[in-house]
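**Q** The structure's right below; bear with me while I get my questions together.
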Amino acid sequence: MAGRRRIGDRGDAAAAALAAAVVNSGPGPTCAPAAGRIAMAAIGEDAHHRHPTQAARPGRPGVAAFLLREGLLLPFLLLAALLGALLIATLATGAGPWIPALAGAALALLAYLGHRAHARLARSLGEVAAWAARVRAGDLGARMAGDSPLAAEINAIGEDLERVSRAVDEEICRHTDTLAQKTRSLQVLYDVAASINASRDLDDLLGRFLDTLIRVVRARAATVRLRGEDGTLRLVASRGLDPELEERERHVDVRNCLCGAAAADGALLCRTDLQACEQALAGPLLGGEQATLVVVPLHYRGRTLGIYNLFVDRPGFRLDDDERELLTSIGRHLGMAIEKARLDEKARRFSVMRERTMLAHELHDSLAQTLASLRYQVRMLAEMMEQGDATAGRRELERIRNGLDEAHTELRELLVHFRAPLDDRGLLPAIEETVERFRRETGIATFLQKECGAARLPALYELQVLRIVQEALANIRKHSRAHAVRILMRCRDGEYHVLVEDDGVGFEGRHLEGRPGEHVGLSIMQERARRLGGELRIESEPGEGTRVDLRFRDPGEVVPEPVRIQ
């Protein structure tokens with residue numbers, strides 16, 4: 001409704017102006033100026049009604065300004081005057097000789113105005129097309145020349161487009177940097193996890209990852225320390241420190257400086273106040289430059305096993321969340337590596353102690369008993385010589401000679417038994433050699449039945465199997481008085497079966513349950529079977545010989561667990 005009222009108001013104003021012009025002018029061509037004034041008054045009134053806030057909005061040119069800038073104001077005024085004169089003349093006289101001329105002139109001016117408008121439109125569209133082509137080619141800074149409203153709007157669109165593109169590029173760069181940081185972090189953690197099982201030297205492992213942490217925070221200097229049982233932090237490796245300072249810091253009390261505080265607290269630290277450390281060292285850390293200390297604890301199950309100290313000389317340095325998470329994860333993984341290395345060392349020492357205990361048992365049960373018997377026989381020989389009984393002395397001397405031969409044989413067996421028995425040949429060749437030596441030294445008919453092919457076991461498993469076979473043959477040599485021995489080696493579907501049986505005198509099963517310290521060899525065989533995760537059975541009856549039956553599974557074979565359906 002408001003729009004219709006404005007249209008009506010504009011029509012009433014034009015009609016009033018037209019009527020005033022008709023009343024105040026007479027017929028004839030002299031009415032043209034009046035017609036021009038009427039047309040301009042109508043245009044001005046219409047412009048006022050269409051843009052009532054035009055004066056309040058600076059920077060937006062009116063119709064007259066637009067026509068003047070485009071060179072169309074004079075033709076437009078002439079056209080308006082001609083149309084006004086033609087209208088007045090028609091109303092006043094109805095017809096006249098000048099009316100065709102006025103109409104022709106008006107049409108000519110109208111054609112001229114149309115041509116100019118078309119040219120202007122074509123030029124504007126060409127400029128817009130050229131701007132669009134530059135934008136499509138990647139030139140987001142392209143702008144249209146001139147100060148026309150169209151150029152201003154297009155340039156505003158271009159600025160918005162460039163601003164949005166710049167924001168998108170910055171967001172992509174930020175996400176790319178974040179992704180690259182995540183990738184580097186995952187690579188570092190992968191290297192740590194892979195090195196835990198591959199590295200055998202703990203100091204070398206910690207030293208290698210000291211360089212990795214230096215690259216992560218771009219540190220100027222760094223150290224890594226291990227916490228000892230006595231509460232001191234032992235320097236394992238360092239980078240970038242003065243040699244004299246490094247020598248003074250070989251061992252640090254855990255209760256003293258920030259290193260000790262971090263070891264006690266077990267949390268990641270990032271400190272810039274290092275005056276206490278410099279006072280304790282009686283000198284600056286990095287040649288007097290301001291430094292930031294990053295302490296990365298290496299902890300496992302609540303215990304701090306060591307620390308990394310990273311010295312950064314960049315002012316305003318701070319760790320972001322991703323770096324903190326990465327350093328904390330590295331500390332946890334390396335803490336596991338330290339604990340694993342210590343457990344491996346304890347296991348190695350225990351294994352050495354166990355082998356020494358087994359060697360002591362073997363010496364006690366064989367060579368030591370023979371030597372004790374020889375000492376007793378020597379004493380008896382001395383008594384006989386004092387009594388002058390030469391015949392009895394010669395008999396005792398022969399016993400001593402036989403005892404020495406037996407001791408020599410037992411010593412050779414022990415050397416063979418405890419030397420490194422396996423090489424690249426594997427288990428079966430080692431057992432073949434053991435059987436051949438047993439057959440040659442005892443003269444007992446010995447048969448080796450092989451049903452294993454070229455199967456290989458881990459070295460530790462092969463060692464345990466060989467030791468059990470050797471112990472079984474040693475017992476046959478000492479006690480069985482057998483005439484024939486059979487050894488079976490069988491492997492089917494990952495299940496191993498080792499059998500050593502003889503036709504000797506045998507013994508009663510209750511003899512296996514003697515006092516502690518007796519039958520050490522049989523106890524050791526049972527212990528070796530447990531290391532294999534298998535079962536060892538010893539069966540014997542008086543006069544029926546003895547069977548040593550070992551069964552275990554290849555550790556490389558995975559046995560699926562049965563599925564329980566509820």
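The values are calculated or read from the model by the stated rules, or taken from the named source; none is laboratory data. If you're wondering where the values come from, they're calculated on a predicted model, not measured in any experiment. No Cβ is skipped: glycine too gets one built from the backbone with ideal geometry, and neighbour counts run over all protein chains shown.
**Q** Within the stretch 498-520, does at least one residue satisfy the condition of being modelled with pLDDT of 85 or more, under 13 Å from I431 (Cβ atoms) and crowded, with 20+ Cβ neighbours inside 10 Å?
**A** Step one: of the stretch 498-520, the residues modelled with pLDDT of 85 or more are 498-506.
Now drop any that are not under 13 Å from I431 (Cβ atoms), which leaves 498-500.
From the residues that got through so far, the ones that are crowded, with 20+ Cβ neighbours inside 10 Å too are 498, 500.
Within the stretch 498-520, one or more residues are modelled with pLDDT of 85 or more, under 13 Å from I431 (Cβ atoms) and crowded, with 20+ Cβ neighbours inside 10 Å.
**Q** Just checking, how many residues over the stretch 298-324 are under 18 Å from A221 (Cα atoms) and of a type outside the set (G, A, S)?
**A** Residues that pass the stated criteria total 13.
**Q** Moving on to the next point. Name every residue in the stretch 382-401 that is farther than 24 Å from L411 by Cα and part of a helix (DSSP H, G or I), in order of residue number.
**A** Matches in the stretch 382-401: A382, E383, M384, M385, E386, Q387, A390, T391, A392, G393, R394, R395.
**Q** Still on this structure: Can you pull out every residue in the stretch 317-335 that is more than 17 Å from R184 (Cβ to Cβ) and modelled with pLDDT under 85?
**A** F317, R318 - these are the residues of the stretch 317-335 that are more than 17 Å from R184 (Cβ to Cβ) and modelled with pLDDT under 85.
**Q** With the checklist (1) part of a helix (DSSP H, G or I); (2) more than 28 Å from the chain's Cα centre (by Cα) in hand, flag the one item E229 doesn't pass.
**A** Result: E229 fails condition (1) only.
**Q** Here's a follow-up. What number of residues within the stretch 297-329 satisfy the criterion of being closer than 17 Å to A193 by Cα and aliphatic (A, V, I, L, M)?
**A** So the count comes out to 3.
**Q** Another one. Can you tell me which residue in the stretch 215-234 is farthest from P315 (Cα to Cα), limited to those that are among the β-branched types (V, I, T) and in contact with a Leu (Cβ under 7 Å, 6 or more places away or on another chain)?
**A** First, pick out the residues of the stretch 215-234 that are among the β-branched types (V, I, T): 216-217, 223-224, 232.
Then drop every residue that is not in contact with a Leu (Cβ under 7 Å, 6 or more places away or on another chain), which leaves 216-217, 223-224.
Details: V216: 17, V217: 13, T223: 21, V224: 23 Å.
The residue in question is V224.
**Q** Exactly one of these conditions fails for G306: (1) at pLDDT 80 or above; (2) exposed (fewer than 13 other Cβ atoms within 10 Å of the Cβ); (3) small (G, A, S). Give me its number.
**A** The single condition G306 does not satisfy is (2).
**Q** Return yes when S185 is in contact (Cβ under 8 Å) with a residue 24 or more places away in the chain, under 30 Å from K340 (Cα atoms) and surrounded by 14 or more Cβ atoms within 10 Å (Cβ to Cβ) and no when it is not.
**A** When the stated conditions are applied, S185 passes them.
**Q** Condition test on L415, is it under 51 Å from the mean Cα position of the chain (by Cα) and at pLDDT below 85?
**A** Judged against the criteria, L415 is a match.
**Q** Taking the stretch 288-316, which residues are in a loop (DSSP other than H, G, I, E, B) and free of Cβ contacts under 8 Å to residues at least 60 places away in the same chain?
**A** Scanning the stretch 288-316 gives G288, E289, Q290, R301, G302, P315, G316.
**Q** Also, I was wondering about something else. So T328 clears everything in (1) free of Cβ contacts under 8 Å to residues at least 40 places away in the same chain; (2) farther than 21 Å from Q290 by Cα except one condition, right? Which one?
**A** Condition not satisfied by T328: (1).
**Q** Sort out which residues of the stretch 443-463 are at pLDDT 85 or above and part of a helix (DSSP H, G or I), and write them in order of number.
**A** Of everything in the stretch 443-463, those that are at pLDDT 85 or above and part of a helix (DSSP H, G or I) turn out to be Y461, E462.
**Q** With respect to the numbered conditions (1) modelled with pLDDT of 75 or more; (2) out of contact with any Ser or Thr (no Cβ under 8 Å at 6 or more places or on another chain); (3) at negative phi; (4) surrounded by 14 or more Cβ atoms within 10 Å (Cβ to Cβ), which one is the sole condition not fulfilled by L258?
**A** L258 satisfies all of (1) modelled with pLDDT of 75 or more; (2) out of contact with any Ser or Thr (no Cβ under 8 Å at 6 or more places or on another chain); (3) at negative phi; (4) surrounded by 14 or more Cβ atoms within 10 Å (Cβ to Cβ) except (1).
**Q** Given the residues R537, R530, which is the only one that is part of a strand (DSSP E or B), modelled with pLDDT of 85 or more, in the same structural domain as E432 (by TED's automatic domain parsing) and within 27 Å of M353 (Cα to Cα)? Break it down stepwise before answering.
**A** Numbers: R530 fails: part of a strand (DSSP E or B).
Exactly one of R537, R530 is part of a strand (DSSP E or B), modelled with pLDDT of 85 or more, in the same structural domain as E432 (by TED's automatic domain parsing) and within 27 Å of M353 (Cα to Cα), namely R537.
A quick yes/no check of all residues on (1) under 28 Å from M336 (Cα atoms); (2) buried (at least 18 other Cβ atoms within 10 Å of the Cβ); (3) at pLDDT 65 or above:
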position: V252; (1), (2), (3): yes, yes, yes
position: G266; (1), (2), (3): yes, no, yes
position: D273; (1), (2), (3): no, no, yes
position: G288; (1), (2), (3): no, no, no
position: A291; (1), (2), (3): no, yes, yes
position: V295; (1), (2), (3): yes, yes, yes
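**Q** Additional query: Report, ordered by the first and then the second residue, all pairs with beta carbons closer than 9 Å, sequence separation of six or more or different chains, a first member in the stretch 355-381 that is over 16 Å from A474 (Cα atoms) and not assigned by TED's automatic domain parsing to the domain that holds I468, and a second member that is surrounded by fewer than 18 Cβ atoms within 10 Å (Cβ to Cβ) and modelled with pLDDT under 75.
**A** Short answer, once both residue conditions are applied: E355/F418.
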